[in-house]
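Q: One structure coming up, written as structure tokens, with questions to follow.
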Amino acid sequence: MEPFSDKKIIESWVKNVAPWVTAVQQQQITSRRLVTDQAIIDAVMTSSAHLSIPTRKVLDIGCGEGWLARELSQLGLSVTGLDVLPEFIREANKLGGGDFRVMAYEEISAQNLPEKYDVLVCNFSLIGKESVEHIFRVAPSLLNTDGIFAIQTLHPVTSCGQDPYRDGWRAGSWAGFSDEFCDPAPWYFRTLESWFKLFRDKGYRLRELSEPINPETGQAASLIMIASVASPYHQIT
């Protein structure tokens, strides 16, 4: 297997389900506790309100153990969560708060998900290459009219480190996490320009962009992008 690939991401996560569940449920991840968890909740709620849609149905792609679905369900939303790992889905179903299903990214399509959604949300779950491009292709076919596509991801500027600022695979790291984690997943780095191009080329209009700030570091903790499908839209089959 190639050292950097979408398949390698899944291979890594298979090994790290248990420590990840512990880290999320015990709020061990400082940036999430301080900033990014609430940031994506606020983004889903406020951006959809601005678009004047009911936001009754949400599809959480890469839902992990289902924390976001549980939070949104408490706000009155109906959430379907998808993840490729059965271990995550078992944990999510045990805790409740949504309709959780095992589904690989490449299986996500209007054929496999005939229901339409008001919001598609990807919270730090778009870290691959081909898998991300697939989600961008099929998302319009899953959205209701005026639906929104909400993404929270690593901020390209603050996550670039000492590497050149250009698209490409990067080695992963569990720095700052417990010793229970192993074999960090690689991730595909995209510049801000590249993210914008991906939205444009796949037929979206970027409506909102925000950069949640970590109050301890003063740096951007993440990048949140809210898009809708540009009109006219030709259905993807």
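Q: For region 197-213, name all the residues that are loosely packed, with under 15 Cβ neighbours inside 10 Å and within 17 Å of the chain's Cα centre (by Cα).
A: LEU209, GLU211
Q: A further question on this structure: Of the residues that sit in region 1-15 and are over 18 Å from the mean Cα position of the chain (by Cα) and part of a loop (DSSP other than H, G, I, E, B), which one is nearest to THR158 (Cα to Cα)?
A: By that ranking, first place goes to PHE4.
Q: Can I ask one more? How about region 114-126: which of its residues are in a loop (DSSP other than H, G, I, E, B), touching a Ser or Thr at 6+ places or on another chain (Cβ under 8 Å), surrounded by 14 or more Cβ atoms within 10 Å (Cβ to Cβ) and not aromatic (Phe, Trp, Tyr)?
A: LEU126
Q: Moving on. Restricting to region 83-97, give me the number of residues that are more than 14 Å from TRP20 (Cβ to Cβ) and charged (D, E, K, R).
A: 1
Q: Ok, one more. Just one of SER173, SER194, SER228 is surrounded by 12 or more Cβ atoms within 10 Å (Cβ to Cβ), touching a residue at least 12 places away in the same chain (Cβ under 8 Å) and over 16 Å from ALA139 (Cα atoms); which is it?
A: Being surrounded by 12 or more Cβ atoms within 10 Å (Cβ to Cβ), touching a residue at least 12 places away in the same chain (Cβ under 8 Å) and over 16 Å from ALA139 (Cα atoms) holds for just one of SER173, SER194, SER228, which is SER194.
Q: Just the residues that are β-branched (Val, Ile, Thr), over 19 Å from THR217 (Cα atoms), assigned to a helix (DSSP H, G or I) and touching a strand residue (DSSP E or B) at 6+ places or on another chain (Cβ under 7 Å), please, taken from region 26-53.
A: ILE40, VAL44
Q: Which of the residues belonging to region 151-167 are in a helix (DSSP H, G or I) and either of a type in the set (Val, Ile, Thr) or loosely packed, with under 15 Cβ neighbours inside 10 Å (or both)?
A: Matches in region 151-167: VAL157, THR158.
Q: Report every pair of residues separated by at least 6 positions or lying on different chains whose Cβ atoms are under 8 Å apart, first residue within region 43-67 and within 15 Å of GLU87 (Cα to Cα), second assigned to a helix (DSSP H, G or I) and of a type in the set (Asp, Glu).
A: GLU65/GLU91; GLY66/GLU91; TRP67/ASP37
Q: Let me ask another. Quick check, is VAL138 in contact (Cβ under 8 Å) with a residue 24 or more places away in the chain, over 18 Å from the mean Cα position of the chain (by Cα) and not in a loop (DSSP other than H, G, I, E, B)?
A: For VAL138, the condition - in contact (Cβ under 8 Å) with a residue 24 or more places away in the chain, over 18 Å from the mean Cα position of the chain (by Cα) and not in a loop (DSSP other than H, G, I, E, B) - is not met.
Q: Follow-up question, since we're still on this one. I'd like the full set of residues that are outside any helix (DSSP H, G or I) and among the acidic types (Asp, Glu), limited to region 74-113.
A: Hits for region 74-113 are ASP83, ASP99.
Q: What's the total number of residues in region 62-81 that are surrounded by 23 or more Cβ atoms within 10 Å (Cβ to Cβ) and either more than 17 Å from ALA23 (Cβ to Cβ) or over 16 Å from the mean Cα position of the chain (by Cα) (or both)?
A: Selection size over region 62-81: 4.
Q: Consider PHE181 against the criteria (1) under 19 Å from the mean Cα position of the chain (by Cα); (2) surrounded by 14 or more Cβ atoms within 10 Å (Cβ to Cβ): it satisfies all of them except one. Which criterion is unmet?
A: PHE181 satisfies every listed condition except (1).
Q: Of all residues in region 196-210, which are of a type in the set (A, V, I, L, M, F, W, C) and not in a strand (DSSP E or B)?
A: PHE196, LEU198, PHE199 - these are the residues of region 196-210 that are of a type in the set (A, V, I, L, M, F, W, C) and not in a strand (DSSP E or B).
No value in this document is a laboratory result; all are computed from the given coordinates. Every value quoted in this text rests on a predicted model; they were computed, and no experiment measured them. Reconstructed Cβ throughout: ideal geometry from the backbone, glycine too, with neighbour counts over all protein chains shown.
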